[in-house]
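Since the structure comes first, as structure tokens, the remarks are kept for the end.
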Amino acid sequence: MFPERTPNVAPEVLRFLERSLGMVPEPEAILGYVYAVLYSTRYRDRYAAFLTSDFPRILFPRDRYLFDALAGLGRELMDLHLPGRPLRPTTQFLGTGSGRLGRTRKVLRDYREDERRVYVNEDRQFFDGIPLRVWEYRIGGYQVLDRWLQDRAGRKLTLSEIQTFCRAATALGRTVEVQRRIDELYSAVEESVAPGVETPG
């Protein structure tokens, strides 16, 4: 039997949200909302200095629709980012060869935008179905897919590693789309917060 879970949300945050939204959201919805906000490029650009040196300040809207919409998008992102969740890959590993990655950048990470492919060895094997925005996607300053390949230079890929790369590329592609929708909504969050109003977070 599992122990009863206790939400880790400060009471003042719950009171603030009840006043603002007219209801107390479930803790999972609050987590989804915060996750979505932290993936907003608009939010990251505006609060870049705070994100590198302090706890991030999270603005909450005074509009239940905005809160619910962003919480839903945050949950969608969490599903994409958790390993083991079902996800039909849009990227494939193709070509005939050893499956051993090259060692030099020219051979190992030969990305071709017009083909939407990254060639990974001298056998000309490649991962197919990778748009430029996915290939260039960065987390923490690192280009995700490029770094993944770099860390495995010279190794023969296992089936599990091939599946992991294809899933990661697919998840990044969907992440880009969800982030676009988050950015469309997040500007309205900033507009909905009245000047001088302190929001918890």
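What do you reckon, is residue 30 surrounded by 17 or more Cβ atoms within 10 Å (Cβ to Cβ), in contact with a Gly (Cβ under 6 Å, 6 or more places away or on another chain), more than 25 Å from residue 143 (Cβ to Cβ) and among the hydrophobic types (A, V, I, L, M, F, W, C)?
Criteria not met by residue 30.
I'd like to verify a number: residues in the stretch 121-171 that are on the phi > 0 side of the Ramachandran plot and either buried (at least 20 other Cβ atoms within 10 Å of the Cβ) or assigned to a helix (DSSP H, G or I) (or both), how many?
So the count comes out to 0.
Taking the residues in the stretch 106-125 that are over 26 Å from the mean Cα position of the chain (by Cα) and under 14 Å from residue 153 (Cβ atoms) as candidates, determine which candidate is modelled with the lowest pLDDT. Break it down stepwise before answering.
In the first step, residues of the stretch 106-125 are kept if they are over 26 Å from the mean Cα position of the chain (by Cα); the result is 106-107, 121-125.
Pick out the ones that are also under 14 Å from residue 153 (Cβ atoms) and you get 106-107, 121-122.
Working: 106: 88, 107: 91, 121: 95, 122: 93.
Out of the qualifying residues, it is 106.
Could you look through the stretch 83-111, keep only residues that are out of contact with any helix residue (DSSP H, G or I) (no Cβ under 8 Å at 6 or more places or on another chain) and among the small types (Gly, Ala, Ser), and pick out the one that is surrounded by the most Cβ atoms within 10 Å (Cβ to Cβ)?
By that ranking, first place goes to 95.
Which residue pairs have Cβ atoms closer than 6 Å, lie 6 or more positions apart in sequence or on different chains, and pair a first residue in the stretch 145-160 that is without any contact (Cβ under 8 Å) to a residue 12 or more places away in the chain with a second residue that is part of a loop (DSSP other than H, G, I, E, B) and hydrophobic (A, V, I, L, M, F, W, C)?
Hits for this filter: zero, empty list.
Restricting the search to the stretch 5-23, which residues are assigned by TED's automatic domain parsing to the domain that holds residue 65 and among the basic types (Lys, Arg)?
15, 19
The values are calculated or read from the model by the stated rules, or taken from the named source; none is laboratory data. Worth saying up front: this structure is predicted, and the values here are computed from it rather than measured. All Cβ positions, glycine included, derive from the backbone under ideal geometry; neighbour counts span all protein chains shown.
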